[in-house]
1. May I ask you to derive the FRET efficiency for Glu106 and Ala161 from their Cβ-Cβ distance with R0 = 30 Å, giving the value to the nearest 0.05?
2. Heavy-atom accessible area of Asp224 with all protein chains present, probe 1.4 Å, nearest 10 Å²?
3. Quick check: the angle from helix 236-255's long axis to the longest principal axis of the chain, C-alpha only, nearest 10 degrees?
4. Which ³J(HN,Hα) values, rounded to whole Hz and listed in residue order, are derived for the range 5-10 from phi using the Karplus coefficients 6.51, -1.76 and 1.60 in 6.51 cos²θ - 1.76 cosθ + 1.60 with θ = phi - 60°, glycine and proline given as x?
5. Taking R0 as 25 Å, what FRET efficiency do you get between Arg123 and Arg4 from their Cβ-Cβ distance, rounded to the nearest 0.05?
6. So what J values fall out for the range 32-46 if you push phi through Karplus, 6.51 cos²θ - 1.76 cosθ + 1.60 with θ = phi - 60°, rounded to Hz, Gly and Pro as x?
7. Using modelled amide H (1.01 Å from N, peptide plane; none on Pro or chain starts), what sits under 5 Å from the amide H of Ser170, excluding residues fewer than 5 places away?
8. Quick one: net charge around Leu50, please, counting Lys, Arg +1 and Asp, Glu -1 for every other residue with C-beta under 11 Å from its C-beta.
Amino acid sequence: NLTRKIARLAGPLDGVTVVEVGPGPGGLTRALLIEGAGRVIAVERDARCLPALGEIAGRYGERAQIHEGDALDTDWRALVGDATRVTIAANLPYGIATLLLTGWLESEPWPPWYQRMVLMFQREVAERIVAKPGSKAYGRLSVLAQWRTRPRLALSLPPDAFTPPPKVSSSVVVFEPIAAPDPPCSAKALARVTAAAFGQRRKMLRQSLRALVAMPELLLREADIDPARRAETLSVAEFGQLALILERDQAATTAL
């Protein structure tokens, strides 16, 4: 019932290609197929899981495709081929969950190759993704996720929902990509700004942004942001504005 509930969060799946990372023995894989996914591509690096996944592929034929490999090294666009309707649905391996998510959020070109993501994380990571300015959980991941997508906490799961039960609670987050993120800065510029700002989050921006530019006050003044503010008080839009001004100024300097 639980895996079916997660699969239904992926929306109507008829004709949709679903990419699943870390399927393990295939509980969610089966649920996605039962809920009508046109095709499930399951990426698994643990050879011990392959026999169980092979049984699913034997039952569902071409609708279930097992890809043995490391998700961190996967060429996602090549994997899905010419599929135009793609959803990522996965109970992500906790050790690489943030790396995978960041890679998908920084996909280029944008809009991305997927239409929706339904991902399970440790609850702590999920709370960081949806955190609002002013909270302790708000940080780089919050800004990137909320600039390019509309993330929402869809389901929370206690440890005893799993066998064997983990030591942490889990949450499912649904991401809907924003076709044209605003401000229209680059993901690379936003990553640089947030790395500097949150790298020393206790300091005022006029100090923390010195890791980025020699005179942060000029950058902040142009963005109409008080230099005495701290990173956790800025909105996603304000971070985007800083990134936009930064890359514009650096492009002008390079042209000179």
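The values are calculated or read from the model by the stated rules, or taken from the named source; none is laboratory data. All of these numbers come straight from a predicted model, not from anything done at the bench. Virtual Cβ from ideal backbone geometry, glycine too; neighbours counted across all protein chains shown. With ligands, DNA and RNA removed, areas are computed over all heavy atoms of the protein, side chains included. Shrake-Rupley method; radii C 1.70, N 1.55, O 1.52, S 1.80 Å.
1. Numbers: r = 31 Å, r/R0 = 1.03.
Using R0 = 30 Å, I get an efficiency of 0.45.
2. 140 Å²
3. It is inclined by approximately 70 degrees.
4. Going residue by residue, I get 5, 5, 4, 5, 5, 6 Hz, with x marking Gly and Pro.
5. On the way: r = 21 Å, r/R0 = 0.85.
E between Arg123 and Arg4, to the nearest 0.05, is 0.75.
6. 4, 5, 5, 6, x, 4, x, 7, 10, 9, 9, 9, 9, 9, 8
7. Arg123, Leu157
8. Working: positive: Arg45, Arg48; negative: Glu44, Asp46, Glu55, Glu68.
Residues near Leu50 contribute -2 overall.
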